[in-house]
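Shown next, in C-alpha cells, is the structure this report addresses.
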Amino acid sequence: MKYEHCSIEKKWQDAWEKAGVFHAKNDYTKPKFYALVEFPYPSGAGLHVGHPRSYTALDIVARKKRMQGYNVLYPMGWDAFGLPAENYAIKNHVHPEQITRQNIHHFKEQLTSLGLSFDWEREVATIDPGYYKWTQWIFLQMFKRGLAYKASMPVNWCTSCKCVLANEEVVNGVCERCGAPVVRKEKSQWMLGITQYAGRLVDDLEELDFIERVKAQQTNWIGRSQGLEVDFQMSTGDTMTVYTTRGDTLYGVSYLVLSPEHPILKEWKDKIGNWAEVEAYQQAAARKSDFERSELNKDKTGVLLAGIRAVNPANGASVPVFISDYVLMGYGTGAVMGVPGHDQRDWDFATKFGLPIIQVVRGGDVTKEAYAAKEDGIMVNSGFLDGMTVKEAIPAMKEYAVKAGFGKLKTNFKLRDWVFSRQRYWGEPIPLVYCEKCGWVPVPEDQLPLRLPEVKSYEPTDNGESPLAKCTDWINTVCPHCGCPARRETDTMPQWAGSSWYFLRYCDPKNERALASKEALDYWLPVDWYNGGMEHTTLHLLYSRFWYKFLYDAGVVPTKEPYQKRTSHGMILGLNPHSFDNLSPEEQEKLVKEQGSEAAARAALVEKYGEMATHPIVKMSKSLGNVVNPDDIVEEYGADTMRLYEMFLGDFEKTAPWDPKAIKGCRRFLERVWNLSEKLVKGESYSSANESAIHKAIKKVGEDADNLKANTAIATMMGLLNQLEKNGCNQAEFQTFLTILNPFAPHITEELNQQLGGRSMLAETAWPQFDESKTVDALAEIAVQVNGKVRSVITIASDADEEAIRSAALADGKIQAALKGMQIIKSIVIKKKIVNFVVKPQEIA
RNA sequence: GCCGGUGUGGCGGAACAGGCAGACGCCCGGGACUUAAAAUCCCGUGAUGGCAACAUCGUACCGGUUCGAUCCCGGUCACCGGCACCA
C-alpha cells in the first residue's frame, strides 16, 4: 500500500470528531491543563503559514497532556470584529457579518485540515450577540466603578480609517493597521483607566513564567519611574512644581521650562512681558503633530517668559523660566528643571539660549556635552551633598526635600489611559445612554446585549462621527433612569475589547447568566500556557491582563493573573527571489558572467530591485510571489508533513525562513515510517536490540515537547527511525515509536497503529513511560585527551570507576604513543565523559 | 540614546550544571537499481595539508578564569526586535 495522506487524514479527522476525543470534560476533579493560542482575525486572505506554527506547537503539548491523563482545554475562536471586513462591506455593499461568517467558515475548514485538536464544542466568536453581551457587561462594570469615563482630549486620529486610535496602535507616527498618517484631534472619548493598574501590571509580572522579552517590553511600555516633585517659588507669587528623577542635581538647575500647553500660562498672562511672542509659540506648537515634535525636531526651540523668575529651593538661586515643546504636558507636571550639566536635552537648550552650565557631578567636560553621571560619580558644588556619590545623593536629597517641605516623593508612569471609542460600525455598541437630566446612564443589564442596528451605509464620516450616528431610530431612546428622551452612544468598542476576555468564555461558552460559571472559572484558570505573537505584547496581552485584574477585583475570576506562562513564536519568513543568494547556481553564474564579478552581480540586483535585494530572507509578500498557502502544502504533502516541517524548521522562538525544498525531508521521514510499518505487517522485520534507544527517545521527546523544542524532538525520532531501519525492530517497539510520534504527526500514526492491530486510538492511549535505568547504555565512549586535545576514544563499562577508566586510557595504544617521553603531571577523569592527561616533556636525568 | 535578544559548516539548525563542536534535515558529490528519468537505497560531505593513518586550524572579534570554554567573566563589533525629548 502507498502512503495516501489525503484519504488517511480525512478518515482520522472524521473519526476524532465522531468520538469527541478532544472535548474538554466538565469533570472538575481531574487535573486540568489549559493551553491557549491567540484566536485569529478571520481575514479574507485565509490562513497564513505563520498561524499553524503557534497552533501546532501547542497542539503537540495539548495532545501529549491528554495522553498523560490531563483534562485538557485547547479551544479556538474568532476575533471577528474588525476593519477589513467593514472596509470590504463598504466597497461591496454587503453586510460585514456576512463576509465575516464566510471567512470563519473557510478558516475553520483550513484549521480542521491540519488535524489540530481544538475543542470545537467551545468555539466562540466575538461578533455573536451572546458573546458581546458579556463584553458589554464587563464594560458596564468598569463604568460603574469609575474605570470607564468620558474625556475630551487630543487623540490619535487615523486619517485613513477615520477613527481614533489608542496610543498602543500608533507606530512611528502612523496607524498600526493601515500605515496612514496619524494626526492630533481634540475629541470627546470613552477612556479606560488602565493607569490605575499600572503598578500592579508591572509588579505582578515578576512571579509569572513569561519569556524575558515580553516582561521587558511590558515593563518598558508601562515605564514606571520613581522620583521627586519639587516646588519652586515663583516671582508671580505662586509655586511651580516640577518632576525629576534626579533630585541630586538640584544645585545644578539654571532654568525652568514649561510645556507650551501648561495651563498656568494663562494665569500669568498679565505678568509675562512678551505675551504675544509666547502665544505665537504656543500656536506653532499646537500645529505640530506629535511626530514632528519628537522625531523631526530634536533641535531645541523655546521662548523666555519675560519678567518671570523662579527660586531654587535648595540654594535660593533665582533662575529664568522658559516654555519649550521638548517638555510634554502629558507626563509628570508638564514642567521640568533644566540641569544642562547632566542632561543632554537641557544642555542643548541651555547652549542655544546662552544659559549657565553648572557642574554638580565630577567628571566629563560639561562645556562640550552633558555628563551623564554614573551612580558612583561624586557630587560637587552641591552644598550638603558634596562628596557623596550620586547613588547616595539621590535618597539624601529626597529626604531633605520632604523634610524641608519643598518636595514630595512621586511615581510616574509612561502608560496612558486607554482610548476606547471607535467611530466605526463593525464593533460592539457601547451600552450607554445620554440623558440631559441624568448624564450617562448604563443600559440595564437585563437588556443586554445591546445589538448592533442594521444600517444602510457603513461609511465612516469625515466629521469624526460613527456610522451609527445616522441611525436615528436606534439612537433615540428613553433614559432607563428617569424615562426622559435620551440618546445612545454611537461610538463602538475597539477590536481589543472582545479579545480582552475571550479565554474566560471558553471555560463555559454557552452560559447565558454569566460570562462563565464560577465553578468553571475556578477550575480552569489561570491559563497554563499561552502562546502568541510579540506584536501583541503592548496591546492585547497588556489589555487582557488589565481586564482580568479588574475582574479579579470584582470577584469574578479566581487569580491575580490570567496567564501562568507566555511564550512567543518567531515569524515565518520567505526567501527573497531577488536576492543573489537565492538564485540557482546557473542563474548566479550567468549573472556573474554578464556583470563581470559577483560584487557587480549583486550591485546589479540592487540597482534593479532596490535595497531589498540585499536581504535573502524577507517577509512573505504577494509582490515578491513568495507567499506559501497552507492549503497547497496540505494537498501536496499532507497535514502531518506540514506539521512536522513547521516544527522542524528552526528554533520556535526565532524567525525562520520557509524553505520549499527542506519540507521534503519531513515527507521522506513519514514515508520511511510507513515503509517500515509495511515490513512489520508482512513480518519482515524483527529484533529487540532497541530497548535503550526507545527509552531514551521517550524521555527526550517528552521533555522536548514540554519545552517547545519540537525541532529536537523530531530530530530524535528521525534518529530513532534510522536505527530501527538499520537494526530491524519488533512490533511493540514500533508501536511505542508511533505513540510518541502521534502528537506531532497524528494522522499517519493512527492509521499505522490501526493497521498493526492497535485497538484504541493513539489519541486515547497513555503516553509511554520510560525506565531511567534503561536510558543508560552499558558501555560508554570516553574521549581521552592529552593536554586538552583528544588523542583517542576508549569504550568501557558505564559504571567503571575512575581508576579503571584511567588504566584503560593508559593502556590505549594511541595514548601510549602520545605519552611517550612525557611526564604526567595531573590526570582528570570524569566518569562517562572524559579523561585528560596533563603532561610535560620528561626531564632527562 | 535606553531596554531585550542573537552571532556556530554552502543552508535551517544541534550540543550549554564547562567535558569528543556540527545531532537531525536541506543542498551538493559519488555509487546501486532503471532502456532512461524521477523516486528509492548505500557512501561521502567544516577548512587546510596528505594516497593514507593522521596533523593543524576552526563556534563574530580581543583578552581573562580553567586540566579543559560555543558555554563562565571583562571589553569590542555586527545584526534583529521594542521604546524613545518620559525630565
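The values are calculated or read from the model by the stated rules, or taken from the named source; none is laboratory data. Quick caveat, the model's predicted, so the values are computed rather than measured. Glycine also receives a Cβ, built like all others from the backbone with ideal geometry; neighbour counts cover every protein chain displayed. Ligands, DNA and RNA are stripped out before the accessible areas are found, and what is left, the full protein with its side chains, is counted by its heavy atoms. Shrake-Rupley method; radii C 1.70, N 1.55, O 1.52, S 1.80 Å.
With the requirement that a residue be within 15 Å of RNA strand B (Cβ to nearest atom) and modelled with pLDDT of 85 or more, what does the stretch A:671-688 give you? Spell out the reasoning first.
Start the filter on the stretch A:671-688 by keeping residues that are within 15 Å of RNA strand B (Cβ to nearest atom), which leaves A:671-679, A:684-685.
Within the stretch A:671-688, A:GLU671, A:ARG672, A:VAL673, A:TRP674, A:ASN675, A:LEU676, A:SER677, A:GLU678, A:LYS679 meet the criteria.
Would you confirm whether or not the stretch A:143-163 contains a residue that is assigned to a helix (DSSP H, G or I) and more than 16 Å from RNA strand B (Cβ to nearest atom)?
From the stretch A:143-163, those assigned to a helix (DSSP H, G or I) are A:143-144; that's our starting set.
Now drop any that are not more than 16 Å from RNA strand B (Cβ to nearest atom), which leaves A:143-144.
Yes, that holds for at least one residue.
In the stretch A:795-814, what residues are open to solvent by less than 60 Å² (accessible area, probe 1.4 Å), within 13 Å of RNA strand B (Cβ to nearest atom) and either over 16 Å from A:ILE834 (Cβ atoms) or without any contact (Cβ under 8 Å) to a residue 24 or more places away in the chain (or both)?
A:ILE796, A:GLY813
Among the residues of the stretch A:815-826, count how many are open to solvent by less than 50 Å² (accessible area, probe 1.4 Å) and either within 9 Å of RNA strand B (Cβ to nearest atom) or part of a loop (DSSP other than H, G, I, E, B) (or both).
Taking the stretch A:815-826 and keeping what is open to solvent by less than 50 Å² (accessible area, probe 1.4 Å), we get A:815, A:818-819, A:821.
Keeping just the survivors that are either within 9 Å of RNA strand B (Cβ to nearest atom) or part of a loop (DSSP other than H, G, I, E, B) (or both) gives A:818, A:821.
Going through the stretch A:815-826 one residue at a time, the tally reaches 2.
Please find, within the stretch A:329-346, the residue that is farthest from RNA strand B (Cβ to nearest atom) out of those that are surrounded by fewer than 24 Cβ atoms within 10 Å (Cβ to Cβ) and assigned to a helix (DSSP H, G or I).
Going residue by residue through the stretch A:329-346, those that are surrounded by fewer than 24 Cβ atoms within 10 Å (Cβ to Cβ) are A:329-335, A:343-345.
This time we only want the ones that are assigned to a helix (DSSP H, G or I), so: A:344-345.
Details: A:GLN344: 8, A:ARG345: 4 Å.
By that ranking, first place goes to A:GLN344.
Inspect all residues belonging to the stretch A:271-280 and state whether any of them is within 16 Å of RNA strand B (Cβ to nearest atom) and open to solvent by 30 Å² or more (accessible area, probe 1.4 Å).
The answer is no; no qualifying residue exists.
Just checking, how many residues over the stretch A:382-404 are open to solvent by 60 Å² or more (accessible area, probe 1.4 Å) and either outside any helix (DSSP H, G or I) or in contact with a His (Cβ under 7 Å, 6 or more places away or on another chain) (or both)?
Of the residues in the stretch A:382-404, 1 are open to solvent by 60 Å² or more (accessible area, probe 1.4 Å) and either outside any helix (DSSP H, G or I) or in contact with a His (Cβ under 7 Å, 6 or more places away or on another chain) (or both).
Do we have A:ASP777 as in contact with a helix residue (DSSP H, G or I) (Cβ under 8 Å, 6 or more places away or on another chain), among the acidic types (Asp, Glu), open to solvent by 20 Å² or more (accessible area, probe 1.4 Å) and within 12 Å of RNA strand B (Cβ to nearest atom) here? Talk me through it step by step, then tell me what you get.
On the way: in contact with a helix residue (DSSP H, G or I) (Cβ under 8 Å, 6 or more places away or on another chain): yes; among the acidic types (Asp, Glu): yes; open to solvent by 20 Å² or more (accessible area, probe 1.4 Å): yes; within 12 Å of RNA strand B (Cβ to nearest atom): yes.
Here the answer is yes, as A:ASP777 does meet what is asked.
What number of residues within the stretch A:189-212 satisfy the criterion of being open to solvent by less than 60 Å² (accessible area, probe 1.4 Å) and either farther than 24 Å from A:GLY533 by Cβ or within 20 Å of the chain's Cα centre (by Cα) (or both)? Walk me through how you get there before you give the answer.
First pass over the stretch A:189-212, keeping only residues open to solvent by less than 60 Å² (accessible area, probe 1.4 Å): A:189-195, A:197-199, A:201-202, A:204-205, A:208, A:210-211.
With the extra rule that they be either farther than 24 Å from A:GLY533 by Cβ or within 20 Å of the chain's Cα centre (by Cα) (or both), the set shrinks to A:189-191, A:193-195, A:197-199, A:201-202, A:204-205, A:208, A:210-211.
So the answer is 16.
Please go through the stretch A:773-788 and give me each residue that is without any contact (Cβ under 8 Å) to a residue 40 or more places away in the chain and either over 19 Å from A:ALA689 (Cβ atoms) or acidic (Asp, Glu) (or both), ordered by number.
A:GLU781
Out of all the residues in the stretch A:791-798, is one or more at pLDDT below 85 and either part of a loop (DSSP other than H, G, I, E, B) or on the phi > 0 side of the Ramachandran plot (or both)?
Yes; the residues of the stretch A:791-798 include at least one that is at pLDDT below 85 and either part of a loop (DSSP other than H, G, I, E, B) or on the phi > 0 side of the Ramachandran plot (or both).
Under 8 Å between Cβ atoms, which residue pairs at least 6 apart in sequence (or on different chains) link something in the stretch A:655-666 that is closer than 13 Å to A:TYR637 by Cβ with a partner that is acidic (Asp, Glu) and near RNA strand B (Cβ under 6 Å from one of its atoms)?
none
Does the stretch A:405-412 contain at least one residue that is within 28 Å of A:HIS536 (Cα to Cα) and assigned to a loop (DSSP other than H, G, I, E, B)? Explain how you work it out, then say what you get.
Narrowing the stretch A:405-412 to residues within 28 Å of A:HIS536 (Cα to Cα): A:411-412.
Narrowing further to those that are assigned to a loop (DSSP other than H, G, I, E, B): none.
Scanning the stretch A:405-412, I find no residue that is within 28 Å of A:HIS536 (Cα to Cα) and assigned to a loop (DSSP other than H, G, I, E, B), so the answer is no.
Considering each of A:THR765, A:THR775 in turn, give the residue that is within 42 Å of the chain's Cα centre (by Cα) and either modelled with pLDDT of 90 or more or small (Gly, Ala, Ser) (or both). Lay out the reasoning, then the answer.
On the way: A:THR775 fails: either modelled with pLDDT of 90 or more or small (Gly, Ala, Ser) (or both).
Going through A:THR765, A:THR775 in turn, the sole match is A:THR765.
May I ask you to list the residues in the stretch A:207-249 that are free of Cβ contacts under 8 Å to residues at least 12 places away in the same chain and either within 14 Å of RNA strand B (Cβ to nearest atom) or of a type in the set (A, V, I, L, M) (or both)?
A:GLU212, A:LYS215, A:ALA216, A:ASN220
From the list A:PRO429, A:PRO449, exactly one residue is open to solvent by less than 20 Å² (accessible area, probe 1.4 Å) and closer than 30 Å to A:ILE90 by Cα. Which is it? Walk me through how you get there before you give the answer.
Details: A:PRO449 fails: open to solvent by less than 20 Å² (accessible area, probe 1.4 Å).
Only one candidate qualifies: A:PRO429.
Sort out which residues of the stretch A:689-723 are open to solvent by 40 Å² or more (accessible area, probe 1.4 Å), more than 10 Å from RNA strand B (Cβ to nearest atom) and in a loop (DSSP other than H, G, I, E, B), and write them in order of number.
Within the stretch A:689-723, just A:ALA689 meets the criteria.
Just to be sure, is A:ASP632 at pLDDT 80 or above and under 22 Å from A:LEU752 (Cα atoms)?
Details: at pLDDT 80 or above: yes; under 22 Å from A:LEU752 (Cα atoms): no.
Judged against the criteria, A:ASP632 is not a match.
Please find, within the stretch A:554-591, the residue that is farthest from RNA strand B (Cβ to nearest atom) out of those that are without any contact (Cβ under 8 Å) to a residue 12 or more places away in the chain and open to solvent by 40 Å² or more (accessible area, probe 1.4 Å).
Restricting to residues being without any contact (Cβ under 8 Å) to a residue 12 or more places away in the chain and open to solvent by 40 Å² or more (accessible area, probe 1.4 Å), the top hit is A:GLY555.
Just checking: which of the helices (runs of 4 or more DSSP H) contained wholly in the stretch A:598-676 hold 3 or more residues that are out of contact with any Ser or Thr (no Cβ under 6 Å at 6 or more places or on another chain) and surrounded by fewer than 15 Cβ atoms within 10 Å (Cβ to Cβ)?
Values: elements: A:598-609, A:630-636, A:639-648.
Helices (runs of 4 or more DSSP H) meeting the threshold: A:598-609, A:630-636.
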